[in-house]
Amino acid sequence: MTDTIEKMLRRHAKLQAELVAIGGALPPRPATQSGLSESVADTFGESLAYIPELKNWVVWDGSRWAVDQSGQIIQVAKLVCRACASKAESDLPSWKAWRSLEASGKLTGAVAIAATDPRFVRRLGEFDSDPWSLNTAHGLVNLKSGEIHNNEAGDFCINLAGAAPDFDTEPLAFVQFIREIADGREDLAGWIIARMAIALTGDCSLQDLEIRVGAGANGKSVLASVQSALMGDYCWTAPPELLMDSNRRGGPSPELLNLRGRRLVLVGESGEGDRLDLSLVKRLTGSDSITARALFSNVMATFEPQAKFVLSTNHAPRLARVDFAIRRRVRLVPFNRRFEGASRDPHILRKLLEERHAIMGMLVRGAQAYAASMAMPPCAEIDAASGEYLDSEDFIAQWIDACARLEQAAQTLSGDLYKSFTAWAEREGRKPWTAQAFGRALSERGIEAVKPGGQAYREGIVLR
């Protein structure tokens, strides 16, 4: 961050080369904390901003608004204070007053006042808000047209991708790598590349969760490392607990605040037997705004979701229930190829990262294609693998197969159905659901509750 501040100071036209030059350009302000705050705004009003939801400052460094993680804003205030003191050298009382403001407590107070100045305050939602723009060190990429224009402060980008697109070079090693991890299946290889391209965008209309499953030495980790390097700040590598079922409460949600501005969330390896938090998966892959707050903060941040989620695991997670919403969301990607012996290239990650700009060029073209069609290419293997996985986790469907059959005109007492279900679950060594959860699951399948003669029945099902 120090480098960022120094870059800003070198770029700022008002500074020239010496602190005295700052003082000469500043309008007169009183030698108070408030006056110092105003002098900081006079000098750096276009290069600094304060974001209340983050309780932090950001600095325009020529490519993006970089978050001040180490409190360098205090050093900026000190520089301005010294410039004001230099300007007041001929007025001893004023000079002493300015020099006294260099005490750390007074500098902190001046910065706190500046954090309320409208010239500095920017809401979190103003940053990284365009889902079809990607900020890179070489410019802002329009993901619909492929055009690149110069980085500008007014684009309000905090994030910076890890690569800029090279449209003139073909990423040969990358293309070969994808073919190999797809085990030669062209539709699967195309699907994986299309997903990587869509991850560049902030569009979340697919509303799904990609689960990459396979034993070790199959390319999953290398692929994730390449994506993380390409995406830079747009990617977050999250712990598996983010998506797994736990005893969450309504306290601070810093892990959700980490999703702001992210377009790809790579979730780490889940343990065998871990269960997905289905309500959270539905929430995070939906279109509703996300509200979160940081630790020790009472400021709520609300932002539009942009993240696509990828869970890489050796063991597909367990699902407490499989309803229509989950069937629509889960995309299981099989990684069946194993790289051992002569087929394993220990330098593959380095080779792929050397192509990162060419890979980015290919993916930007893919994002353009997605913007035109707003659809993923079909992949029969993923459809089949997803269906098989979901069927294996569908508790109710398994009970129906074992103990009942669907008949349109049939009616069966709800109590009898639930008794059959609980007995079957116990025989299978699984914990039965509550009667309410069981009833909801039946309704989701179109097996509706009816009450002929005042008794509770379910229509469309009969016990074997």
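The values are calculated or read from the model by the stated rules, or taken from the named source; none is laboratory data. All figures in this text were calculated on a predicted structure; none of them were measured in a lab. With ideal geometry, Cβ positions are generated from the backbone for all residues, glycine too; neighbour counts draw on all protein chains shown.
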Considering each residue of the stretch 137-154, count those that are closer than 14 Å to LEU363 by Cα, crowded, with 17+ Cβ neighbours inside 10 Å and out of contact with any Phe, Trp or Tyr (no Cβ under 7 Å at 6 or more places or on another chain), and give that number.
-> 1
Residues being surrounded by 14 or more Cβ atoms within 10 Å (Cβ to Cβ), among the small types (Gly, Ala, Ser) and free of Cβ contacts under 8 Å to residues at least 40 places away in the same chain - total across the stretch 415-434 | 1
Mind checking which residues of the stretch 241-262 are in a loop (DSSP other than H, G, I, E, B), within 26 Å of LEU160 (Cβ to Cβ) and at pLDDT below 80?
-> SER253
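Out of PRO30, PRO93, I need the residue that is part of a loop (DSSP other than H, G, I, E, B), at pLDDT 90 or above and surrounded by fewer than 16 Cβ atoms within 10 Å (Cβ to Cβ). Which one? Give the steps one after another, and end with the answer.
Details: PRO93 fails: part of a loop (DSSP other than H, G, I, E, B).
Within the list PRO30, PRO93, the selection yields PRO30.
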Mind listing whichever residues of the stretch 263-314 are without any contact (Cβ under 8 Å) to a residue 40 or more places away in the chain, part of a loop (DSSP other than H, G, I, E, B) and of a type in the set (S, T, N, Q)?
-> SER289, ASN298
Among (1) surrounded by 17 or more Cβ atoms within 10 Å (Cβ to Cβ); (2) over 30 Å from ARG195 (Cβ atoms) - the single one LEU463 does not satisfy | (1)
Selection over the stretch 423-449 where residues are modelled with pLDDT under 95 and assigned to a strand (DSSP E or B) yields a count of 0
Being in contact (Cβ under 8 Å) with a residue 60 or more places away in the chain and either touching a Phe, Trp or Tyr at 6+ places or on another chain (Cβ under 7 Å) or aliphatic (A, V, I, L, M) (or both) is the filter here, so list the residues in the stretch 177-201 that pass it.
-> ILE181, ALA182, LEU188, ILE192, ILE193, ALA194, MET196, ALA197, ILE198, ALA199, LEU200, THR201
Quick check: anything in the stretch 107-119 under 29 Å from the mean Cα position of the chain (by Cα), of a type in the set (Val, Ile, Thr) and either buried (at least 17 other Cβ atoms within 10 Å of the Cβ) or assigned to a strand (DSSP E or B) (or both)?
-> no
Matching residues in the stretch 2-27 - criterion: being farther than 23 Å from LYS106 by Cα and either modelled with pLDDT of 90 or more or among the polar types (S, T, N, Q) (or both) | THR4, GLN16
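Restricting attention to helices (runs of 4 or more DSSP H) lying wholly within the stretch 154-237, give those where 1 or more residues are within 25 Å of ASP277 (Cβ to Cβ) and either among the small types (Gly, Ala, Ser) or touching a Lys or Arg at 6+ places or on another chain (Cβ under 8 Å) (or both). Even if it seems obvious, please write down each step before you answer.
Values: elements: 172-181, 186-199, 220-231.
Those helices (runs of 4 or more DSSP H) span 186-199, 220-231.
Among the residues of the stretch 361-379, which ones are of a type in the set (S, T, N, Q) and without any contact (Cβ under 8 Å) to a residue 60 or more places away in the chain?
The answer is SER373, and nothing else.
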